[in-house]
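As structure tokens, the structure follows; a few thoughts come after it.
Any read-out appearing in this document is the output of simple, stated calculations on the displayed coordinates, not a laboratory observation. Just so you know, these numbers come straight off a predicted model, no measurement behind them. Because the Cβ atoms are built from the backbone with ideal geometry, glycine has one as well, and the counts that use them run over all protein chains shown.
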Amino acid sequence: MSHNVEIEDQCNPLDAAEDVLRAQEWAFDRLSEEQLYIGIDGDKGQYKLFFMWDELRNSLQFCCEMELCMTKDRSIEMHKMLADVNSKMWLGHFDLSPDETTGCIAPCFRYNTLIRGMDHISCTALVKDLLRMTLQECERLHDAFNVLDIHNESPSAYMDSNDSMELVLAQAAGHC
């Protein structure tokens, strides 16, 4: 008995992503059948989002890079911060994305998932959830990562990563 089942309605998640992005009225670039790019302004920073589709593996890779510039001399603090952040992540992880032209290193959220058997409707729901969750996490952690940005001129720029993580991730108390 063969276990190979053809899936008639297999979606390309980038087509679903286009639908979600058009509904938000966000401009994007479909670089190829396998790649889509979009730049987004959040409340706290700018983000570069990449969707990469591998049809042979039925796998979607998604990346969201923060537009921050950290230098290699802060790598120990950056790695401590990433280890702390990633240990608390439920889905996906943050790593560092180097830019060879500027010498900057930026935090980048990454998430991979299998899409096997999903139709266009379920792909659209996945993309919506992925965008919402990713942007919430990036906005929530932006201030912590910003402490290590070379362009940050505030006094908190001299805090170490443990202090900044405690401050940024502290739960608010009281009522507004």
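Brief remarks follow.
- Looking only at residues of segment 79-107 that are of a type in the set (A, V, I, L, M) and in contact with a Phe, Trp or Tyr (Cβ under 8 Å, 6 or more places away or on another chain), we find that the one that is surrounded by the fewest Cβ atoms within 10 Å (Cβ to Cβ) is Leu91.
- Selection of first residues in segment 53-78 that are surrounded by 16 or more Cβ atoms within 10 Å (Cβ to Cβ) and of second residues that are among the β-branched types (Val, Ile, Thr) and part of a loop (DSSP other than H, G, I, E, B), restricted to Cβ pairs under 7 Å at least 6 apart or on distinct chains, gives the following pairs, ordered by first then second residue: Asn58/Ile115; Leu60/Ile115; Cys69/Thr102; Cys69/Ile150; Met70/Ile150.
- Restricting segment 20-52 to residues that are surrounded by 14 or more Cβ atoms within 10 Å (Cβ to Cβ) and in contact (Cβ under 8 Å) with a residue 24 or more places away in the chain, the residue that is farthest from the chain's Cα centre (by Cα): Val20
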